[in-house]
Amino acid sequence: FAIERHDLATGEVTTAVSGYGGAVRPAPSPDGTEIAFVRRDKDISQLWVKDLASGRERMIYGALDLDVQETWAVTGVYPNIDWLPDSSAIVFWAGGKLNRVNRDGSGHAVIPFTIDDTRGIADAPHPVIEVSPDNFTTTMPRFATLSPDGAQVVFESLGRLYSKSARGRDLPAPLTGDPADAVEAFPAFSRDGASLAYVRWNDATLGEIVVADASGQNRRALTGPGHFGNLAFSPDGRMIAFEKREGGYLTAPDFSENPGIYVMPADGSSAPRLVSRDGGNPQWGAGSDRLFMLAGEAGKLALVSTDLNGEARRVHARGELANDFRIAPDGRTIAFRQNYEVFAMPLVPGGKPVDVSEKGGSLPVTKVSTGGADYIGWANGGETLFWSIGPSLQSAQVSDFFAAGPKADDDKTKAYAPPATGVPLGVTVAAAKPTGTVAITGARILTMKAGLAREDAGTIDNGVIVIAGDRITAIGAAGDVTVPAGATMIDASGKTIMPGLVDAHAHGPYGVGDLIPQQNWALLQDLALGVTTVHNPSSQASTVFAAAERQRAGLTLAPRIFSTGEIIYGAKAPDVYARIDSYDDALAHVRRIKAQGGISVKNYNQPRREQRQMVARAAAAENMLVVAEGGSLFGMDMNLVADGNSTLEHNVPVDVFYEDVLQFFGGSNSNYTPTLVVTYGGLAGDPYWR
């Protein structure tokens, strides 16, 4: 950091103070001859003064608290300092006290003061979370799509396609019955409803595009191996558009060349043809001669179209905060997603793009959903708009949410109201659990039981652990524990056993796009390092909750996974912006995450304190954890504690907690998760321990 001087008369900007250790928190003296500032000497922050005429610099106090130059400077990186009116001395904060020192460094003294005060602290929610149920119902079915006539729903759950009646009266049934060791994803109906295309994926052999009849039978592979997603039949049924993607992180890097949007004949009679190297989510309107897709346009997400050679490009709609667009099959309506809801508007003929927003504009915009919307699509030729929220498929008719014309003054027809219920898509399955009895013998066991002294790990040398099913039934020294007859014996002599680690603030990949591989090396690595449970406070709902279900069902080898899904975010990032203008807004976001499978919500960067309070109270009302972070802002951290957030994520950006903070924080029931990878005001854990 450096201190700059801005000449108000000329506008000239020059450097006033710089050098090793940085220069922060400038305070010019009232007589205009000197400037006080904070500088770092190795790991010690000091108070310095510079003579503006000579340029000489001197250190006048060498025991400040550690500044936070390692983080951003929104708070000035050290508390304010100030001069006495006669420029004889400087007043500053250090050691949890107010201090003064003469301008020449002499006469340091603590300015005594005490405060006898009270502060209200809201109660933080800490619900009991069930971690090992015998069975569960999936809450994150994905890719739900209505058949063109609106009668059938096809969706993916636990890596397989399921089907059920759109009337919701039957239970979901596996669609294909394919015995292959594979994941089925990205289903797409042909416009006549006779055919269904989808991606079949295996971690070893990669992906292929499969075409079947509407019942999932008579399957044939069109193309592969490769990385594919987001399929769409042309209106005449002769072509299939799709994304060709890249691998190389969670999935194998092979067959990753020339990614882009392609089309190919639905009968497989010729090879795929590249349409565009940019964009994604290919889709068709009323004709088979133009392909719609999503692409960037002037810093916004846009719905564009091209001919099948990728030429004659047109921009139809764009939105600063929109994160998805869907063109209706009749080409007359556009659905778009913003603030986690789906909105609809007419598509204007012609080549001029329309800027879209949930607030409307030159064209009428209707909010069609309430409570969230994922996997948006159309049925009945563009008359039905559908979407998913958690394990529910909801839909609405264009004729209901678009009035045919202006209403008469005496028209008593009720205004459109978004549906409150939908078609249930949850699949109930047994949780994978071990059976039988296992005895682990000969190990050094660290019990870590409650009530031990700080340096006591509860060590048992030559210990025995007995496990029946998925429960530890006995721990003790050899000779003190009776091993049941018939138990499987594991000799762990020379090894140390400790309880599994819970990573309370874990991040990591769970899918590539919306494709979840069968196994995940990052999760296997967690297990290998002793982590048996993770809580991810910022992730993608469609992958993290689906991955958690795969782990619970025994399909993916991984720690137990819990998450907030997407953060309840106050900054205007289109993919995750969660607008909160009222408590009802906050409650809707919390309920959306709960429906998707969240046990917690992330209260993050809402700009006003009352917005953050609304999120905390909404989470408490829904009996969910609410985890929050102040983003290196000490004042916000203290507000989050006062307002009853369950945890404070990342470290509070100070080197020492003084008695005021200890009393305040200690009087709350907010927990503290000072992470190692992200550290405010100091080295992160990895470089520190290196």
Exercise. What's the center-to-center distance, using Cα atoms, between the stretch 426-474 and the stretch 45-61 in Å?
Worked result: 61
Exercise. For the stretch 185-238, what is one quarter of the convex hull surface built on the Cα atoms, given in nm²?
Worked result: 3.5
Exercise. Semi-axes of the equivalent ellipsoid of the stretch 143-207: what are they in whole Å, largest first, if each equals the square root of 5 times a C-alpha gyration tensor eigenvalue?
Worked result: 22, 14, 8
For this session: Just list whichever of Lys300/Lys367; Lys244/Lys594; Lys449/Lys602 have alpha carbons separated by over 27 Å in the model shown.
Result: Lys244/Lys594; Lys449/Lys602
Exercise. Rg(Cα) of the stretch 142-277 divided by 2.2 N^0.38 Å?
Worked result: 1.02
For this session: Pull up the cross-link candidates among the aspartates and glutamates for Lys495, meaning alpha carbon to alpha carbon under 18 Å and not fewer than 8 places away within one chain.
Result: Asp461
Problem set entry | Top positive-direction residue, dipole computed over the chain with Cβ charges, set Val502, Gly32, Gly19 | Val502
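Where nothing but the Cβ of Lys and Arg (+1) and of Asp and Glu (-1) is charged, how large is the charge dipole of the stretch 518-604 around its Cα centre, in debye to the nearest 20?
Once rounded to the nearest 20, the dipole reads 160 debye.
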Problem set entry | Stokes-Einstein translational diffusion, the stretch 3-111 - Kirkwood Rh over all Cα pairs, 0.692 mPa s, 37 °C, in µm²/s | 230
Problem set entry | Cα radius of gyration and Dmax for the stretch 553-602 (Å) | 13.3, 42
Exercise. What FRET efficiency comes out for the pair Ala204/Phe113, r = Cβ-Cβ distance, R0 = 60 Å, nearest 0.05?
Worked result: 0.30
Problem set entry | Evaluated over the stretch 468-523, the Cα radius of gyration and Dmax, each in Å | 18.2, 53
Problem set entry | Phi-based couplings in Hz for the stretch 581-594 (Karplus 6.51, -1.76, 1.60; Gly and Pro marked x) | 10, 7, 4, 4, 4, 4, 5, 5, 5, 4, 5, 4, 5, 4
Exercise. Using 0.36 nm per residue, how much length does the chain from Asp86 to Ala252 gain when fully extended, once their Cα-Cα distance is taken away?
Worked result: 52.7 nm
Exercise. So if R0 is 60 Å, what FRET efficiency would Asp213 and Ala492 give, r being the distance between their Cβ atoms, rounded to the nearest 0.05?
Worked result: 0.65
Exercise. What is the distance, in nm, between label points placed 7 Å from the Cα along the Cα-to-Cβ direction at Asp31 and at Asp581?
Worked result: 5.7
Exercise. Can you put Met489, Met498, Met264 in order, fewest other beta carbons within 10 Å first?
Worked result: Met489, Met498, Met264
For this session: Compute the Rg to Rh ratio over the stretch 1-43 from the alpha carbon atoms, using the Kirkwood formula for Rh, and round to two decimal places.
Result: 1.03
Exercise. If you stretched the chain out fully between Ile472 and Asp51, how much longer would it get, using 0.36 nm times the residue separation minus the C-alpha to C-alpha distance?
Worked result: 144.6 nm
Exercise. Suppose every K and R has +1 on its Cβ and every D and E has -1 on its Cβ; what is the size of the dipole of the chain about the Cα centre, in Debye to the nearest 20?
Worked result: 980
Problem set entry | Under 26 Å from Lys42, Cα to Cα: lysines that are on another chain or at least 8 residues apart | Lys50, Lys97
For this session: Stick to the Cα atoms of the stretch 376-525, pair each with every other, and give me the Kirkwood hydrodynamic radius in Å at one decimal.
Result: 22.1
For this session: Would you please name the chymotrypsin sites (Phe, Trp or Tyr not before Pro) within the stretch 168-255 that are DSSP coil residues with at most 16 other C-beta atoms within 10 Å of their C-beta?
Result: Tyr249
Exercise. If each of Thr435 and Ala286 carries a label point 7 Å out from its Cα toward its Cβ, how far apart are those two points in nm?
Worked result: 6.1
Exercise. Which residue, chosen from Ala124, Ala109, Ala89, occupies the Cα position most advanced towards the positive end of the dipole of the stretch 65-203, where the dipole is computed from +1 (Lys, Arg) and -1 (Asp, Glu) charges on Cβ about the Cα centre?
Worked result: Ala124
For this session: List Asp134, Asp503 from most exposed to least, where exposure is judged by having the fewest other Cβ atoms within 10 Å.
Result: Asp134, Asp503
Seminar exercise, completed: Long-range amide H partners of Leu161, meaning residues 5 or more apart or on another chain whose placed amide H is closer than 5 Å, are Leu175, Thr176, Glu184
Exercise. Which whole-Hz ³J(HN,Hα) couplings does the stretch 219-233 yield from phi under the Karplus relation 6.51 cos²θ - 1.76 cosθ + 1.60, θ = phi - 60°, glycine and proline marked x?
Worked result: 7, 8, 7, 8, 8, x, x, x, 10, 10, x, 6, 8, 7, 6
Exercise. Between Rg and the Kirkwood Rh of the stretch 61-154, both from Cα atoms, what is the Rg to Rh ratio?
Worked result: 1.44
Exercise. Which value in Å is the Kirkwood Rh of the stretch 579-637 over different Cα pairs?
Worked result: 11.4
Problem set entry | Computed over the stretch 500-689: relative contact order in percent, which uses C-alpha pairs under 8 Å that are six or more apart | 14
Problem set entry | Amide proton proximity set for Thr556, modelled H, under 5 Å, gap of 5+ | Gln551
For this session: Provide the three semi-axes, in whole Å and in decreasing order, of the ellipsoid equivalent to the stretch 459-579 as defined by the square roots of 5 times the Cα gyration tensor eigenvalues.
Result: 38, 15, 12
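Can you pull the semi-axes for the stretch 335-385, root of five times each eigenvalue of the Cα gyration tensor, sorted largest first, whole Å? Don't jump to the answer; show the numbers that get you there.
Details: eigenvalues 70, 46, 15 Å².
Square roots of five times the eigenvalues give 19, 15, 9 Å.
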Seminar exercise, completed: Helix 541-552 sits off the longest principal axis of the Cα atoms of the chain, rounded to the nearest 10 on a 0 to 90 degree scale, by 80
Exercise. Ranking Ile44, Ile327, Ile115 by Cβ neighbours within 10 Å, fewest first, what do you get?
Worked result: Ile115, Ile44, Ile327
For this session: Search the structure for amide H atoms under 5 Å from the amide H of Ala2, placed 1.01 Å from N in the peptide plane, and list their residues when 5 or more places away or on another chain.
Result: Ala23
Seminar exercise, completed: Averaging 1/r across every pair of distinct alpha carbons in the stretch 241-361 and inverting yields a Kirkwood hydrodynamic radius, in angstrom, of 15.3
Exercise. Just for the Cα atoms in the chain, what are the lengths along the principal axes, largest first, rounded to whole Å?
Worked result: 90, 85, 57
For this session: Determine ³J(HN,Hα), in whole Hz, for all residues of the stretch 152-163 in sequence, where each value follows from phi through the Karplus function 6.51 cos²θ - 1.76 cosθ + 1.60 and θ = phi - 60°; x replaces Gly and Pro.
Result: 10, 10, 10, 8, 10, 8, 6, x, 10, 7, 10, 9
For this session: Please report, in whole Å, how far the alpha carbons of the stretch 500-689 spread along each principal axis, starting with the longest.
Result: 49, 44, 28
For this session: Along Cα→Cβ, 7 Å out, is where each label goes; now give me the distance between the ones at Ala298 and Arg560 in nm to one decimal.
Result: 5.1
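Read-outs throughout are calculated quantities, based only on the coordinates presented, and are distinct from any laboratory measurement. Everything quoted here is computed from the prediction, not taken from an experiment. Every residue, glycine among them, receives a Cβ derived from its backbone with ideal geometry; neighbour counts consider all protein chains shown.
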